[in-house]
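First up is the structure itself, then whatever we jot down about it.
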Amino acid sequence: MKRLTRKEEEVMQLFWQHGAMFVRELVALYPDPKPHFNTLSTMVRSLEAKGYLAHTAYGNTYQYHAVVSETELGGNTIKGAVSRYFENSYLTAVSALVREEKISVEELKHLIEQIEKGNN
């Protein structure tokens, strides 16, 4: 699955929060100054081409909906980062988080206890 730009992720967040929408409804969700209808329409069509959105036709207009969940995107993002920056080693990635103090050893031990108990 192709990576998303920051703006595309922003649009996907709106679809995950609000469900199926027409582009005009999407425009209405933005604060002023609102992006132009054509700008969002192009972005939505790009997201559809990348496989993140699909549409239902109503006459000559389309209502778009997410076909990839936020959890799926997060998993793919983590998988891509581990592949790209940690030579496909999740252990190396977790070790880097501990070394850089993004997660403490105590938190890691707690996580391991939860997993062993089946409460992940």
Need one number: nm distance between label points at GLU9 and PHE22, each 7 Å from Cα along Cα→Cβ, rounded to one decimal. 3.1
Straight-line reach check, LYS50, cutoff 23 Å on alpha carbons, 8 or more apart in-chain or any other chain, hits among lysines -> LYS2, LYS7, LYS79
The size of the Cβ-based charge dipole (Lys, Arg +1; Asp, Glu -1) of the chain about the Cα centre, to the nearest 20 debye, is 460
Quick one: P(r) of the stretch 70-117 from all Cα-Cα pairs, 5 Å bins, percents rounded to integers, in order of increasing distance. 5, 21, 19, 23, 25, 8, 0
Per-residue Cβ neighbour rank within 10 angstrom, fewest leading, ILE103, ILE112: ILE112, ILE103
Partner lysines for LYS109 [C-alpha distance under 19 Å; skip if fewer than 8 residues away on the same chain]: LYS117
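Read the figures in this text as sums done on the coordinates, not as results from a lab. All values derive from a computational prediction rather than experimental measurement. All Cβ positions, glycine included, derive from the backbone under ideal geometry; neighbour counts span all protein chains shown.
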